[in-house]
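The values are calculated or read from the model by the stated rules, or taken from the named source; none is laboratory data. On a predicted model such as this, the values are computed, not experimentally measured, just so you know. Glycine also receives a Cβ, built like all others from the backbone with ideal geometry; neighbour counts cover every protein chain displayed. Remember, those area values only see protein heavy atoms, side chains included, never the ligands or the DNA or RNA. Shrake-Rupley method; radii C 1.70, N 1.55, O 1.52, S 1.80 Å.
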Amino acid sequence: MKIELLALGVCAALCASAPVMAQVTWSATSSPIPTTLAGGPWLLAQGGPYVETAGTTTTGGPYDGTTPYCTPGGALGGTPISNTPVNPMQPFYFPFVAGRGLTLQGYFDYRPRDISEAIVSAASADGGQTWTFQQQVENLNAVCPQSDANGANGNENGEGHPNVVSFGGGGLIYFLDRRNGHADFDGLLVHTLTPKAGLPLNGLSSLTELGPPTVVASPTTAGIITQWNMELSPSGMTHPKPNIGSGTANPLGMVNSYKGTVNCSPASSCNFTGSVNNEDITSTTGGTNQSYSAEAWRIRGPSTNTGGATGNGWNTQAPQYTQGAQFLVSTSGYHNIVFEYDWYITAQGARNLQAQYTVNGTTWINVGPLYVAPAGGDAYYPQIVINFPALGIHTVDNNPNFGVQLVSAYDPTFVGPGTPCPTTACTYTAAKLSSTGAPVQLNNNSGNWRFDEINVLGTPATANTLTFPTNTVGLTNPDGILVSAPNTYPFKILYVDKTLNGDYAYPTSEQCGPTPSGKAANHDIAQVRAATSSDGVHWTDQGAVNGLNNTTTVSYSGIRYVSPNGSLLKLSTGNWGLFFGAGNCLDGDSDSFHAIAYAESPDLINWTVINGINNPIASVSTVTATDPVTHQVVTIPSAAPVVGATQPWFSGRVYGPQAAWASSNTVNLIFAGYDAAYSADISDYRTIGHVSLSAAGATLP
Amino acid sequence: MLKPTIPAVIFATALVALAVPAMADISSTIPESDGQFTFITPATTTLGDFTFAIPTGWTVVGGTISGTFGNTDVPGLTNTAALSDYFVANGAIQVAGCDSFTDPCTAGTVSGAPDPWSYTFSQSDLTTLAPYFSAGSLDFSVTQNFVGEVNTGPVTLDLQITPEPASFFFTCVLCLAGIVLRRRFRKA
C-alpha cells in the first residue's frame, strides 16, 4: 500500500511538473501618460479652467469656457472650431491603432458629451505618445451646445467604436450605430476604405449617413460554402453529411480486391485479398478542435481475410492515389476557392498524403505538396490549406463539378525491399518510423487516417456588387469588434454580442446587484463570439469563445463583461495574446471598463486569463466591498496593476487597449480612460493614454 | 615624315581597340499608388508607363526595375499588398511577384516598412524590350490574384545605355583621323 501511495505521489509530482507553455508576464517600462493631439476638432482643454460646484461644472466648458466649442461663443449661431495648437487628447475613446514601431495609424471615436460624435484619424511618429490630426468623418451633427451640460438638447449617439479589418493591403472599417433602438440590435455599419497618403479615411462621408443604411445586405451564407465538423455528426455515421452547406464525403478505394505481396514484407503479414469499407466517426481530440468531445471521420478498410492479416489497415497492394477520402462540393456562385482540412494519422497509417482536385468529376489533378505525417503518427496535421487562387487555379471557381480527394501516396524516401523501383516510388510506408528514424513499410494491419474541420470556402460572386455603407449580417447583437485575426481570409473576428437587459432571464443569484457605491445594477449580457466572412458583410457565427468572461458571475473578482476594441498579438510560443477591457458587477454598467485585462489562447477560441480583475494591466480606483459570492470583504484589485498606481484620468474607466508592436519584447499600449467624477465633471473624460509594456516569457515576432 | 606618326598611330589604334564605350544611366519613376479593395480576382491593372528618351546612336545594354510591395501611406494597411504579379511590356516580362500569404509582401515586415523588390533584365528581356526602348515608353501592370488591394511604392526603371558599336567605332576612327591630320598640319 505504501508503495502504491509512493508511486501515486511520484506520478502526481511528475504531472505537476509537466512542462506548461510559457505565458507572457508583462511589466511597465514607462508611466501612463495622457496623449496629445495637434490640430483637429475642439478639445476639452480649450474649455477650461473648469470650476465644479456641487457636482456641476459652473465655469468653463464647451458653452462658455475659455475657448468655446463654437465661435462666436456658446450656442449663438456659431460653428464648431478647431483645436490649436496641441492639447490633451480628450474627448476621444475606443481607439483602434495599426502599424508597428514608432509610426502608428490611429482611428478614434470623438465624442464631446451631449454635443456630437465622429470618427477621427490621427498619425503618431513616437509610438502613440503624441498624435497629429488627419481627418474627421461621419460627423453626427454640427450643432453648438446650449449649455455646458447640454443634456436637454444634446445628441452624442452617432457612429462609434471604429475597428478596421484588413487583409492583403486593403480593409473595411466598422462602426457601431449608437442610435437608440439600433445600438446592440442592428448589424455594424460597414464602410470601405480607399486610403490615400495622409487621408486614411478617404472616401468616407463628412456627415453621418445614419438613417436607414444605403443598402441592407441580404442574409446569405458567406465564406464557408460547405463544412464538415465531425463533432456535429452523430457517432458511427458513415458518409458524413456537412453541417454547413451541401456536398458529399465518401471513403475512396476502401472496397477493393487488390491481392498479392508485392513490395510487402514479411509476406505473411500482408498477403491481402482485398478490403472492405469500415469508416466511422470516432473520438479524436486535437487538431483544430481541442475540445474533449472532438470527433473525426475515420477511414479504414479491413482485409476480406482469406488468408491475409485481419487488421483495419489499408491495402498495400492498391496503386497510389486510389485510397483515401473524397469530397465533392459545387462552387457555383463562388470564386477564390480555398479547401482546408485537419488530417490525423495513426502510427500505422500511411505516411504520405497527396491532395487532388477535379473540375469535371472524373479527372483528378495533383495539387499542393506531398504531405508527410508527423513523425510517429497518432497525431494531427491541423488545417492543411489548399488555396486555389494563390496557386493560380481559377478553373475551380463557379464549378458544379468541383471536388477534392485526399489519397495515400508512395513514399519517395523509402529505401528497402522492393526499391529502388524501376522509375518512381512504389512503396507505402507508415507514419511510425524505425528506431533510427527511417521510414518502414506499411504493415497494413491497423493504420488509418481521420479527417475533421473540412472547409470549402469561397467569395460569393455578389461580393463586389455590395453597396457601401451597409450593415453586417450574421453578427448577433454586435456591440463592436473585439479583434480580427491578422492576415486571415476568410476574415475571422471576435466580436462582442451584447444583449441589453438579457440577464433578467438568469436566476437572481446570477444577476448583479447595486454597486457598492449605490449605482443601479446592470442587466446586460456581453458575450464574445467568433465569426468568419468572405466579404466582410455577411458573417457566419462560429459560436462563443471560452474563458474570457463568465456572463453569470457576480463575483467582484470575476470578469462578467468584455468591451470591443481589444488588441491581438502573435507570440513566439504559438499562442495568441489578447488585451481587452473587462468589467463586472462593481461597475453598474456593461461597457467593461473596470480594468484592462490580458489573456492567451492557442486557437482564438479557448482563452486563459492571465491578468484579470485582481492583477490587471491597468485598473480603475481600488474598491473595497463585500463580495456577493464569498461574503468576504475584498479589495479590488488585490494586487497592484502592471502599469502601477491608478491615475486620476483613468480612475473612473479604463478600456480599449491597443497594443502596438514596438520591438521583439515591447509594445506601446494606447488606451482610453475617464476620471472618477466624469458623470458630473465634464472637464476630464474620454482621454487617450499611453504606456509602454515589456514582455517576459515569450517574444513578439 | 611618316616616322614620327607611327607610334602615335599605334597608340591610337590600341586606344580604339581597348576603349570601353561610355556608359550612362537613364531612369524613370512611376509614383506610388493605392489600389481599390476588391474581392474579384484575377484582375489586371496598368499602374503607369515609364517614359524615357534613348539618345540617337545609343543602345540599352542593361536595366533594372525596383520598387516596394506596399507603401508608407497608411501604416498597418497600405504597407502591404494583395497577392499579385507585376509585369512590363504588356505582360511579357514578370518583374515581381507576391505569391504567398506568409511572405512579407502581404503578411508585413517585422518593422512594418514596405517590402522591397528588384529585377534585373536579362539579355533576352532586353531583346524583347527593344521596341519599347525605341518608343520611349514601357508599361507597368499588375495582376491581382487574391482578395485585397494592390499598393505600391514608387517604382523605378533604371536603364544602362551606351553608344551603339558602329557609331562608337566611327567616332573613334574620326578621333584617330583627327589626331593624324593635326600632327601632319603641325609638321607642315
> Hey, how many Å between the Cα centroid of segment A:501-519 and the Cα centroid of segment A:538-584?
Replying inline: 21 Å
>> Rounded to whole Å, give me the distance from the Cα center of segment A:468-493 to that of segment A:630-701.
In response: 26 Å
> What order do A:His182, A:His161 take when sorted by accessible area (1.4 Å probe), most exposed first?
Replying inline: A:His182, A:His161
> Using a 1.4 Å probe, what is the accessible area per residue for chain A, in Å²?
Replying inline: 36 Å²
> What's the FRET efficiency of A:Val51 with A:Asn665 using the Cβ-Cβ distance as r and R₀ = 60 Å, to the nearest 0.05?
Replying inline: 0.85
> In whole Hz, what ³J(HN,Hα) sequence does segment A:330-336 give by Karplus (6.51, -1.76, 1.60; θ = phi - 60°), x for Gly and Pro?
Replying inline: 6, 9, 3, x, 10, 9, 6
> What accessible surface, in Å², does a 1.4 Å probe find on A:Val372, ignoring ligands, DNA and RNA and rounding to the nearest 10?
Replying inline: 60 Å²
>> With a 1.4 Å probe and all protein chains kept in place, how much accessible area does A:Ile393 have, in Å² rounded to the nearest 10?
In response: 30 Å²
> What residues have an amide H closer than 5 Å to that of A:Leu482, excluding those fewer than 5 places away on the same chain, when H is modeled at 1.01 Å from N in the peptide plane?
Replying inline: A:Leu494, A:Tyr495, A:Val496, A:Asn565
>> Compute the angle between helix A:2-16 and the longest alpha-carbon principal axis of chain A, please, reported from 0 to 90 degrees and rounded to the nearest 10.
In response: 60 degrees
>> Suppose only helical runs count, i.e. DSSP H with n ≥ 4. What mean residue ellipticity at 222 nm does that imply for chain A under -39500 (n - 2.57) per run, divided by all residues and rounded to the nearest 500 deg cm²/dmol?
In response: -500 deg cm²/dmol
> What is the Cα radius of gyration of chain A over 2.2 N^0.38 Å, N being its residue count?
Replying inline: 1.12
> With every protein chain present, what accessible area does A:Arg450 have (1.4 Å probe, heavy atoms only), rounded to the nearest 10 Å²?
Replying inline: 30 Å²
>> Quick check for me: using +1 on Lys/Arg Cβ and -1 on Asp/Glu Cβ, what's the dipole size of chain A about its Cα centre, in debye to the nearest 20?
In response: 1800 debye
> What ³J(HN,Hα) values, in whole Hz, does the Karplus curve 6.51 cos²θ - 1.76 cosθ + 1.60 give for segment B:149-163 when θ = phi - 60°, with x put for Gly and Pro?
Replying inline: 9, 8, 10, 9, x, x, 10, 10, 9, 10, 10, 9, 10, 8, x
> What ranking of A:Tyr371, A:Tyr321 comes out by heavy-atom accessible area, probe 1.4 Å, highest first?
Replying inline: A:Tyr321, A:Tyr371
> At a Förster distance of 41 Å, what's the computed FRET efficiency of A:Thr424 paired with B:Ala89, Cβ-Cβ distance as r, to 0.05?
Replying inline: 0.55
>> So if I place +1 on the C-beta of Lys and Arg and -1 on the C-beta of Asp and Glu, and nothing else carries charge, what would the dipole magnitude of segment A:326-462 be about its Cα centre? I want it in debye, nearest 20.
In response: 280 debye
> Which far-off residues, 5 or more places away or on another chain, put their amide H under 5 Å from the one on A:Trp314, with H placed in the peptide plane?
Replying inline: A:Gly301, A:Gly447
>> Calculate the FRET efficiency for A:Ala696 and A:Ala645 from the Cβ-Cβ distance with a Förster distance of 35 Å, rounded to the nearest 0.05.
In response: 0.95
> Per-residue HN-Hα couplings for segment A:161-171, Karplus 6.51 cos²θ - 1.76 cosθ + 1.60 at θ = phi - 60°, whole Hz, x for Gly and Pro?
Replying inline: 6, x, 8, 9, 9, 10, 6, x, x, x, x
>> Using amide H atoms built in the peptide plane, which far-off residues or other-chain residues are under 5 Å from B:Ala96 H to H?
In response: B:Tyr86
> Modelled label-to-label distance, A:Ser82 and A:Phe185, 7 Å Cα→beta-carbon offset: nm?
Replying inline: 4.0 nm
